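Values quoted throughout were computed directly from the atomic coordinates according to the rules given, and no laboratory measurement underlies them. The model shown is predicted, which means the values in this text are computed figures rather than measured ones. Reconstructed Cβ throughout: ideal geometry from the backbone, glycine too, with neighbour counts over all protein chains shown.
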Amino acid sequence: MSKGKVFLVGAGPGDPDLLTRRAFGLMHHCDVVCYDKLVSPAILSCIPDHVQLFEVGYRGYRHCHIDYGMHPDVIQFALEGKQVLRLKAGDPCIFGRITEECRTLKEHGIDYEIVPGITAALGAAAYSGFPLTSAGIASDVTFASGHQGSASLSSWAALGQSSGTLVLYMGAKKLAQHAERLIEQGRCPTTPVAHISSATCASHIVTKGSLATIGEQVLALDNHEPALVVMGDVVTQADELEWRHLLPLSGGRVLLCGHYSNADLLKSSGAEIFNAPSPQLDSFVDLSLLSELCQFSALLFADAAAVKLWWQGLIDNQWDVRRFSMPISAENTEAAQALKQVGIVADVTPEAGLYNCAVLSVPAGAERQSACHGVYRYLGSRRYPLFRFQLPAIDWLLVDDIAQAKSLLLQHSGLQQATIVALNEEAQNWADTLPNGQLTLATLEAKLRGKHEVMDVV
């Protein structure tokens with residue numbers, strides 16, 4: 001068996017929009033993604049269902065000694081001939097143990113490629129509204145590890161005398177000690193400091209203070225999210241340049257169940273978007289069912305999934321599509337678009353207007369029907385998988401697919417307090433039966449377009 005290849009890829013600081021094109025492409029084409037605990041849930045949600053997800057690594061070293069170069073599971077996957085994406089938060093070459101990992105890969109004769117990403121410091125500063133260098137304020141920036149075992153701790157004296165910007169990675173837990181040491185080595189106690197947690201994510205939080213006060217401030221936060229620390233006069237520019245808070249949905253998380261045509265508008269308004277996992281379709285389409293459907297005077301597709309299973313059934317059973325010479329129509333624009341993609345231009349026609357018409361659908365939990373079941377024909381059944389990672393608390397649940405929303409509400413506690421936005425009449429009727437707050441779609445979209453300052457939740 002030939003060996004696979006390992007791609008050491010930077011995932012950026014957390015916002016999926018900051019992924020490189022190369023990283024995004026590899027996430028869709030590799031066989032397995034081995035990710036560490038610092039990779040954000042929003043990034044993980046971009047990985048398609050057919051790609052295996054495997055958690056490896058550690059977070060902040062967790063007081064443990066790492067006695068390997070590359071994680072053994074990554075090595076094993078590659079030796080099995082798989083294309084492996086080793087996904088790392090930020091940039092793999094900035095405090096990412098890239099030297100040790102590449103040496104291990106070379107020892108095993110495994111090819112590898114390094115794909116850089118936006119390091120956490122760049123994203124944290126930009127999304128907090130200040131630069132790392134600025135004319136007349138700071139002309140240099142130092143990245144240092146604040147971890148206990150880091151060799152950079154021996155350079156505190158030099159760092160203390162610097163007038164530039166200092167960024168501490170993995171230094172939040174011992175921030176009070178680090179600040180005290182910097183003051184001892186010559187840094188001014190009033191030096192501005194920003195403690196930034198969950199950089200570029202919905203839970204991005206900035207705590208500002210001075211070198212003398214930041215240690216106690218961070219202890220009082222009781223914040224266990226990944227964080228880094230920026231020290232220097234550039235931090236004060238956030239008062240003038242901060243921009244994220246101006247976005248109407250900044251700091252909010254949205255979970256989309258089904259289709260919503262304005263999803264890009266949500267993202268550009270500052271929301272962190274999660275798409276519910278794609279439904280898994282089990283097909284009932286065989287030669288017998290295709291023969292039955294040919295007996296109807298017309299076909300009406302109720303959803304896009306029905307189109308997909310019908311067309312795949314034609315291919316799998318080598319069925320001549322010309323045998324379906326009857327009128328073919330769609331119950332909604334989604335089904336019509338799916339038909340158009342396979343070369344069939346269909347009218348959007350209500351069911352009541354067609355005679356002897358088979359209504360084709362793929363309901364959740366459906367079972368195979370008998371031949372005498374009437375005009376409503378199930379072409380398959382859909383199942384709704386859960387997220388493959390821990391879903392954070394969601395602020396807004398946009399519902400187009402009710403069955404999918406029901407499944408997720410039962411399984412994820414992070415949805416219990418979500419405000420529901422119904423995307424169709426059926427979803428609205430369902431939402432009315434729940435204790436969750438609601439927001440009309442019109443109100444949400446008006447807010448996104450800047451027509452109202454406040455969104456009223458009912």
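Karplus-derived 3J(HN,Hα) values for the range 4-21, using 6.51 cos²θ - 1.76 cosθ + 1.60 with θ = phi - 60°, are x, 9, 10, 10, 8, 10, x, 8, x, x, x, 6, x, 5, 9, 5, 6, 4 Hz; glycine and proline are entered as x.
The relative contact order of the range 280-383 comes to 36 percent, based on Cα pairs under 8 Å that sit 6 or more residues apart. Taking the range 291-331 on its own, what percent of its Cα-Cα pair distances exceed 15 Å? Considering the range 291-331, 42 percent of its Cα-Cα pairs are separated by more than 15 Å.
Centre-to-centre, using Cα atoms only, the range 36-57 and the range 191-239 are separated by 27 Å. Positive end of the dipole of the chain (Cβ unit charges, origin at the Cα centre): among Val321, Ser198, Gln76, the Cα lying farthest that way belongs to Gln76.
Here the chain carries DSSP beta bridges of which approximately 30% are antiparallel, counting only pairs with both residues inside. Couplings 3J(HN,Hα) for the range 245-253, derived from phi with the Karplus relation 6.51 cos²θ - 1.76 cosθ + 1.60 (θ = phi - 60°), are 5, 7, 6, x, 10, 4, x, x, 10 Hz, where x marks Gly and Pro. The stretch between Ile205 and Thr20, if pulled fully straight at 0.36 nm per residue, gains 64.2 nm over its current Cα-Cα span.
Nearest 10 degrees is fine. How inclined is helix 98-107 to the longest principal axis of the chain, computing both from alpha carbons? Result, in degrees: 60. Straight Cα distances below 23 angstrom link Lys308 to the lysines Lys340, with same-chain residues fewer than 8 positions distant left out. Computed about its Cα centre, the charge dipole of the chain is approximately 800 debye, with only Lys, Arg, Asp and Glu carrying charge at their Cβ.
Among the listed pairs Lys173/Lys208; Lys88/Lys267; Lys174/Lys267; Lys5/Lys173; Lys37/Lys174; Lys82/Lys106, those with a Cα-Cα distance over 27 Å are Lys174/Lys267; Lys5/Lys173. Of the trypsin sites (Lys or Arg not before Pro) found in the range 14-48, the ones in coil according to DSSP and having at most 15 other Cβ atoms within 10 Å of their Cβ are Lys37. Just so you know, the averaged projected area of the alpha carbon convex hull for the chain sits at 27.0 nm².
The residues packed around Leu8, meaning those with a beta-carbon under 11 Å from its beta-carbon, carry a net charge of +1 if Lys and Arg are +1 and Asp and Glu are -1. Under the convention that each Lys and Arg Cβ holds +1 and each Asp and Glu Cβ holds -1, the size of the dipole of the range 5-118 around its Cα centre is about 160 debye. Antiparallel beta bridges, as assigned by DSSP with both residues in the range 122-244, represent about 75 percent of the total such bridges. Descending by average beta-carbon neighbour count within 10 Å, the peptides 27-36, 82-91, 334-343 line up as 82-91, 27-36, 334-343, the highest first.
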